[in-house]
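Working notes for the structure below.
The values are calculated or read from the model by the stated rules, or taken from the named source; none is laboratory data. Source: prediction; values computed, not measured. Cβ atoms come from the backbone with ideal geometry, glycine included; neighbour counts cover every protein chain shown. What goes into the accessible areas is simple: the full protein's heavy atoms, side chains included, and nothing from ligands, DNA or RNA. Shrake-Rupley method; radii C 1.70, N 1.55, O 1.52, S 1.80 Å.
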Amino acid sequence: MRAPRLLLALVMTIPLAALAAPNDFDFEFGDWKAHLKRRLDPLTGSDKWVEYRGTSIVRKVWGGKANLGEIELEGAAGRIQGLSLRVHNPTTGQWSISFSNSAGGTIGTPMIGGFKDGRGEFYNQETFRDRAIFVRFVFSGITEKAFRLEQAFSDDGGKNWEANWIATFTRD
């Protein structure tokens, strides 16, 4: 029971008043060029990365209360086709982000969180290589023409984080 409580504590570090509003993802609507660095063997001590390039398109759904993002990437390690659905919860003021990769054909555990001062933080708990871990998404460096999204894993209850997915998005 310790891990779910700790995850709740991580999500609750963002004050409710500062959390998401239906327009939090407005910066992302439209077409983007995407560059991704993905760590090949997370949580093993390895520092081997692969890179991908491609596009991302994000569309508003339900007048901004939700949005849908599609990403298409290619690199030496293959192709990634991803789909993300973000839904705003008006009761909690938070967003849930669900992701699916066409290679897996399933929808993952939603990330929960929100934005404060131009930075978005979202958390969940998943099983990775038969162990329970925490996962964190961070949206940062947000402008009209660029932003960064980093995914990181923690296998020590959120004390330390290891980035495993670093994506930068740009547009003209």
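Would a scan of segment 102-109 turn up a residue that is open to solvent by 50 Å² or more (accessible area, probe 1.4 Å), over 22 Å from Thr170 (Cα atoms), modelled with pLDDT of 95 or more and not small (Gly, Ala, Ser)?
Filtering segment 102-109 for residues open to solvent by 50 Å² or more (accessible area, probe 1.4 Å) gives 102-107, 109.
Of the ones still in play, those that are also over 22 Å from Thr170 (Cα atoms) are 102-107, 109.
Then drop every residue that is not modelled with pLDDT of 95 or more, which leaves none.
No: segment 102-109 contains no residue that is open to solvent by 50 Å² or more (accessible area, probe 1.4 Å), over 22 Å from Thr170 (Cα atoms), modelled with pLDDT of 95 or more and not small (Gly, Ala, Ser).
May I ask you to list the residues in segment 25-48 that are without any contact (Cβ under 8 Å) to a residue 40 or more places away in the chain and within 20 Å of Phe153 (Cα to Cα)? So that I can check it myself, show each step before the final result.
If we filter segment 25-48 for residues that are without any contact (Cβ under 8 Å) to a residue 40 or more places away in the chain, which is where we start, we get 26, 29, 40-41, 44-48.
The answer is Leu40, Asp41, Thr44, Gly45, Ser46, Asp47, Lys48.
Please identify the pairs in which a residue from segment 145-172 that is within 30 Å of Gly30 (Cβ to Cβ) has its Cβ atom under 8 Å from the Cβ atom of a residue that is open to solvent by 40 Å² or more (accessible area, probe 1.4 Å) and among the small types (Gly, Ala, Ser), counting only partners at least 6 apart or on another chain.
Phe147/Gly141; Arg148/Gly141
Restricting to segment 30-58, what's the tally of residues that are open to solvent by less than 40 Å² (accessible area, probe 1.4 Å), more than 16 Å from Glu150 (Cβ to Cβ), modelled with pLDDT of 95 or more and not in a strand (DSSP E or B)?
0
Return the total of residues in segment 67-78 being surrounded by fewer than 19 Cβ atoms within 10 Å (Cβ to Cβ) and in contact (Cβ under 8 Å) with a residue 12 or more places away in the chain. Even if it seems obvious, please write down each step before you answer.
The initial filter retains those residues of segment 67-78 that are surrounded by fewer than 19 Cβ atoms within 10 Å (Cβ to Cβ), namely 68, 70, 72, 74-78.
Imposing the further condition that a residue be in contact (Cβ under 8 Å) with a residue 12 or more places away in the chain reduces the set to 68, 70, 72, 74-77.
Qualifying residue count for the region: 7.
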